[in-house]
Amino acid sequence: MTPLARLLIAQIDAGGPMTLADYMTACLMHPKYGYYATRDPFGAAGDFITAPEISQMFGELIGLALAQTWLDQGAPEKFALVELGPGRGTLMADILRATRAVPGFDAAAALHLVETSPALRARQATALDGYEPQWHGAIETVPDLPLFAVANEFFDALPIRQAQRDGDMWRERMVTRDGARLIPALGAPAALPALAHRLGDTEDGDVVEFCPAGTRIAAALGARIAARGGAALIVDYGDWRSLGDTFQALRAHEAADPYAAPGDADLTAHVDFEALALAASPAHHTLMTAQGVVLKRLGIAQRAQALAARLSGAARAAHVAAHRRLTHRDEMGTLFKVMALYPEGAAPPPGLQGRV
Ligand code: SAH
């Protein structure tokens, strides 16, 4: 049993079964035993590897897309350059290096990072040495400026809740204990206002996920972008509308039982892009588009070729493999999606289409 499992069992004994969201929050963010609070999970030696850790091309293209959006909106002379959940800081370092070539962008940008993990804040400080980032525990405290934001594999880490349809009610999937083991269990049927719009497209027994933290953050981003201008690029695995149980644990690059070792495995769920788009209104949203398609439209093939020309041997082979990994449909190209939020009357960010 992990130390966190012991703690959660005591909590369940005292207060009854907990929501999946409370369980996920404890597993990921507990100040002493939480997954993100205690380690650096990224990279080949960690539990998973993210797009910016695979190749610098990802951050370069995302950065140039953000900079073009800034130019398209008249290059506001002061704006907040925001990353939600910056991990090791690699993506932002690549964004800042690539956008140095865009006159005025650097000087106008104030760098704000939304990150809760102290261990990762320290990593980000090292990666972004010289850029004077300011850290925030939540998006709401970022100064009220035009906001150009990126979130890669951020929303999938936010705590979800799950409910199973029961007539016109929902039974929430809670976490309880069976002896020394943590297990899922259904709560009593109840009306769930957050799922009212899902009564039309689900049947008895269907499981639906919702992410209160994600919709709150999307609402804050949308309100800021609609009022002050800017854009948010959201990249994650998921789909337009959640259906079924996507709650999963990753340990050493393998899927694992999410209830087995709380605090020792990364927990995620697929992102419900429609819920983010709805919450972000009055900001507009683009079509949700496969990552492979977006990176191709942004010119990854040309960038890959330019970089390959300077490489040989194993380094060149690794570079070719990284390009494939980011874009191919059997790798991250289709599973990962991109959606942008942007203000009414503005052009959608390059690589993405507005709704028709
Ligand atoms: N974007 C990075 C890291 C993704 S992992 C990359 O692509 O490599 C998720 C990140 O979000 C981590 O930095 C984690 O500490 C952070 N995070 C998770 N939940 C958060 C929350 N509620 N508020 C702020 N940051 C959070």
Which residue, of 91, 111, is within 10 Å of the ligand (Cβ to nearest atom), touching a residue at least 12 places away in the same chain (Cβ under 8 Å) and in contact with a Pro (Cβ under 6 Å, 6 or more places away or on another chain)?
91
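The rows are residues; the columns are (1) closer than 25 Å to residue 163 by Cα; (2) of a type outside the set (Gly, Ala, Ser); (3) modelled with pLDDT under 95.
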| site | (1), (2), (3) |
| --- | --- |
| 216 | yes, yes, no |
| 241 | yes, yes, yes |
| 250 | yes, yes, yes |
| 256 | yes, no, yes |
| 272 | yes, yes, no |
| 276 | yes, yes, no |
Residues satisfying the stated conditions in the range 86-120, i.e. open to solvent by less than 20 Å² (accessible area, probe 1.4 Å), part of a loop (DSSP other than H, G, I, E, B) and of a type in the set (Gly, Ala, Ser)
87, 89, 117
Positions within the range 97-120 being modelled with pLDDT under 95 and not hydrophobic (A, V, I, L, M, F, W, C), in sequence order:
116, 117, 118
Open to solvent by 40 Å² or more (accessible area, probe 1.4 Å) and touching a residue at least 24 places away in the same chain (Cβ under 8 Å): is that true of residue 180 in this structure?
yes
Within the range 12-35, can you find the residues that are in a helix (DSSP H, G or I), open to solvent by less than 10 Å² (accessible area, probe 1.4 Å) and of a type outside the set (A, V, I, L, M, F, W, C)?
23, 35
Just to verify a result, which residue in the range 123-133, among those that are open to solvent by 60 Å² or more (accessible area, probe 1.4 Å) and outside any loop (DSSP other than H, G, I, E, B), is farthest from residue 34 (Cα to Cα)?
126
Look at residue 203 and say whether it is of a type outside the set (Gly, Ala, Ser) and in contact with a helix residue (DSSP H, G or I) (Cβ under 9 Å, 6 or more places away or on another chain).
no
If only one of 153, 140 is within 16 Å of the ligand (Cβ to nearest atom), in contact (Cβ under 8 Å) with a residue 40 or more places away in the chain and open to solvent by 40 Å² or more (accessible area, probe 1.4 Å), which one is it?
140
Give just the number: which of (1) within 13 Å of the ligand (Cβ to nearest atom); (2) assigned to a strand (DSSP E or B); (3) in contact with a Pro (Cβ under 9 Å, 6 or more places away or on another chain) does residue 173 not satisfy?
(1)
Of the residues in the range 156-170, how many are surrounded by fewer than 20 Cβ atoms within 10 Å (Cβ to Cβ) and either free of Cβ contacts under 8 Å to residues at least 24 places away in the same chain or outside any strand (DSSP E or B) (or both)?
3
Being without any contact (Cβ under 8 Å) to a residue 12 or more places away in the chain, at positive phi and over 18 Å from the mean Cα position of the chain (by Cα) is true for just one of 351, 313. Which residue is that?
313
Within the range 11-70, count every residue that is modelled with pLDDT of 95 or more, more than 28 Å from residue 352 (Cα to Cα) and away from the ligand (no atom under 12 Å from the Cβ).
13
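The values are calculated or read from the model by the stated rules, or taken from the named source; none is laboratory data. Predicted model, so just to flag it, every value in this text is computed and none were measured. FYI the Cβ positions are ideal-geometry reconstructions off the backbone, even for glycines, and counts take in every protein chain you see. Note: areas computed on protein heavy atoms with side chains; ligands, DNA, RNA excluded. Shrake-Rupley method; radii C 1.70, N 1.55, O 1.52, S 1.80 Å.
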